[in-house]
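Undergrad: Sharing a structure here in structure tokens format.
Throughout, read-outs are computed from the coordinates displayed, never taken from laboratory work. Predicted, not measured: the structure shown is a model, and the values here were computed from it. Virtual Cβ from ideal backbone geometry, glycine too; neighbours counted across all protein chains shown.
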């Protein structure tokens, strides 16, 4: 009986070592996504790091002077015929909002390439309270 308990303990240790070896805390430690904002004479440039997202899963919206960037991920892909020791999925929704008063809504442009969303926010003289969705190219 004592040998059986020892073997189970050793099995747990091996399993714990395997878990430590295969574990990554990259996405679990991230609360959102990184954003850099710079100001130029006629515009603001917002760069959001969104690696691994498809363009269709990202939305950019300006409403009541708040620019909101949202991204949704669901990587639950079925792979048949494989014997997995460990299989992880990443899914979730991320959203960040920024106060963006004094922006020309009609001239906002957004591009997504190589995991980086770049939003150009041209400045305007007059202020209006309207909302719009921005197409990502």
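Undergrad: I want to check the label-to-label distance for residue 84 and residue 42. Put each point 7 Å from Cα in the C-beta direction and report it in nm to one decimal.
TA: Those two pseudo-labels are separated by 5.1 nm.
Undergrad: If each of residue 91 and residue 113 carries a label point 7 Å out from its Cα toward its Cβ, how far apart are those two points in nm?
TA: The modelled label-to-label distance comes out at 3.3 nm.
Undergrad: Now a separate question. Per residue Cα convex hull volume for the range 30-73, in cubic angstrom?
TA: On the way: hull volume 4.4 nm³, N = 44.
Value for the range 30-73: 99 Å³ per residue.
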